[in-house]
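Input: a single structure, listed below in structure tokens.
The values are calculated or read from the model by the stated rules, or taken from the named source; none is laboratory data. If you're wondering where the values come from, they're calculated on a predicted model, not measured in any experiment. No Cβ is skipped: glycine too gets one built from the backbone with ideal geometry, and neighbour counts run over all protein chains shown.
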Amino acid sequence: MIYGWDISTSIIGVTTLGDNGKFVSSSYCDLRKIEGILNKGEVASKFVEAYCSQDSLNVHYVEERLGNFMGGRSMMQVLMTLAAFNLLVSWFIKKRGGSISYIHPSTMKSILKNEGLIIPKGANKKDLTLTWAVLKEPNFPLTKNRNDKPQPYCYDMADSFGIARAGFLRSYLLKDAKRTEASSD
């Protein structure tokens with residue numbers, strides 16, 4: 001199985017793909033009402049348990065933190081907290097037998113551009129990613145509130161779908177390149 005993780009201190013999104021890259025499911029863990037990073041970590045640890053096994057064939061893709069750092073736009077304390085929490089959740093995954101591969105946001109953006117996700121400068125990345133996920137995967141779990149707006153966790157699940165899809169495609173492209181290289185030798 002292939003897992004994509006969108007990790008933040010407010011909502012964790014996770015998407016599961018089959019080994020063939022086909023969508024299986026998306027889910028989330030809402031941490032917004034939990035105070036303190038250690039308490040959030042405890043809840044996140046239990047959430048991670050449901051997606052990890054000792055099967056070494058499972059691959060978990062996690063977006064690199066601070067990879068999309070924009071000087072002057074985010075407070076350093078917020079960035080450090082996000083990086084620490086990303087590491088903590090990554091450690092939970094690793095501890096439970098998951099193989100972790102990090103994806104830089106620019107690598108993900110480049111890979112998904114070929115999949116139809118194009119995010120122009122100044123555009124609302126979250127809205128575009130959610131729209132793309134719903135169009136790309138008919139079974140994507142989009143739920144709306146009473147004002148007909150997507151629930152906040154849908155954005156995190158859409159990001160995790162993008163991470164899983166980019167991870168799958170990157171590994172597929174790397175395997176294909178190695179086959180091509182081996183056959184030309």
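Are there any pairs with C-beta distances below 7 angstrom linking a residue in the range 82-107 that is part of a helix (DSSP H, G or I) to a residue that is modelled with pLDDT under 85 and of a type in the set (S, T, N, Q), with the two at least 6 apart or on different chains, and if so which?
As it stands, the answer is P105/N68, since those pairs meet every condition given.
Of V48, V24, V62, V43, which residue is out of contact with any Asp or Glu (no Cβ under 8 Å at 6 or more places or on another chain), over 20 Å from D159 (Cα atoms) and modelled with pLDDT of 90 or more?
V43
Please indicate, with yes or no, whether at least one residue in the range 8-25 is under 17 Å from L82 (Cβ atoms) and in contact with a His (Cβ under 7 Å, 6 or more places away or on another chain).
no
Of all residues in the range 12-46, which are without any contact (Cβ under 8 Å) to a residue 40 or more places away in the chain and surrounded by 18 or more Cβ atoms within 10 Å (Cβ to Cβ)?
Those that are without any contact (Cβ under 8 Å) to a residue 40 or more places away in the chain and surrounded by 18 or more Cβ atoms within 10 Å (Cβ to Cβ): C29, L31.
Can you tell me which residue in the range 126-161 is surrounded by the most Cβ atoms within 10 Å (Cβ to Cβ), limited to those that are of a type in the set (D, E) and assigned to a helix (DSSP H, G or I)?
D156
Say we look at the range 95-125 and pick out the residues that are loosely packed, with under 14 Cβ neighbours inside 10 Å and among the basic types (K, R); which of these is farthest from M1 (Cα to Cα)?
Per the stated criteria, the residue is K121.
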